[in-house]
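For reference, the structure discussed in these notes is given below.
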Amino acid sequence: MILSNSRTLLEDIQAAKEAGYPEEFIFREDRIMARTSNKSYTGDECVLVEFCIHEGLSDPSDQSILFLIECNDGTKGCLSSSYGVYANVSLIEFVRGLTKKEGDEIT
């Protein structure tokens, strides 16, 4: 596993980049877009590798979630979002629909 909830979100993003997941994805209109190339991907073009939920340092209800995603053209990167009460429901549903590389479940 690359990600760990014992680190901060930013530390996990750095660890992911060092492990070969350099791209930063943005979720827009039921697709993810790679920031560096502006290429967009549908759910059918992506695989969920791993995810990790992080709690805020000062407020445990301030949660975020980080996803490691691989695309069918070899692009690997991270997608992050608020989680819990402030979650982007459309983004979470998009990721739930991805094929899981190792069988992880998102609840």
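Within the range 36-73, the set of residues being touching a Phe, Trp or Tyr at 6+ places or on another chain (Cβ under 7 Å) and closer than 21 Å to Lys17 by Cβ comprises Leu48, Phe51, Ile53, Ser64, Ile65, Leu66, Phe67, Leu68, Ile69, Cys71.
Looking only at residues in the range 1-21 that are without any contact (Cβ under 8 Å) to a residue 60 or more places away in the chain and touching a helix residue (DSSP H, G or I) at 6+ places or on another chain (Cβ under 8 Å), the one that is surrounded by the fewest Cβ atoms within 10 Å (Cβ to Cβ) is Ser4.
Looking only at residues in the range 22-57 that are of a type in the set (Val, Ile, Thr) and loosely packed, with under 15 Cβ neighbours inside 10 Å, the one that is farthest from Phe94 (Cα to Cα) is Thr36.
Residue by residue, here is whether (1) among the basic types (Lys, Arg); (2) not in a loop (DSSP other than H, G, I, E, B) holds:
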residue	(1), (2)
Ile2	no, no
Arg7	yes, no
Gln14	no, yes
Gly20	no, no
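FYI, it's all coordinate maths here, none of it is from the lab. The structure displayed is predicted, hence computed values, not measured ones. Neighbour counts run over all protein chains shown; Cβ positions are idealised from the backbone, glycine included.
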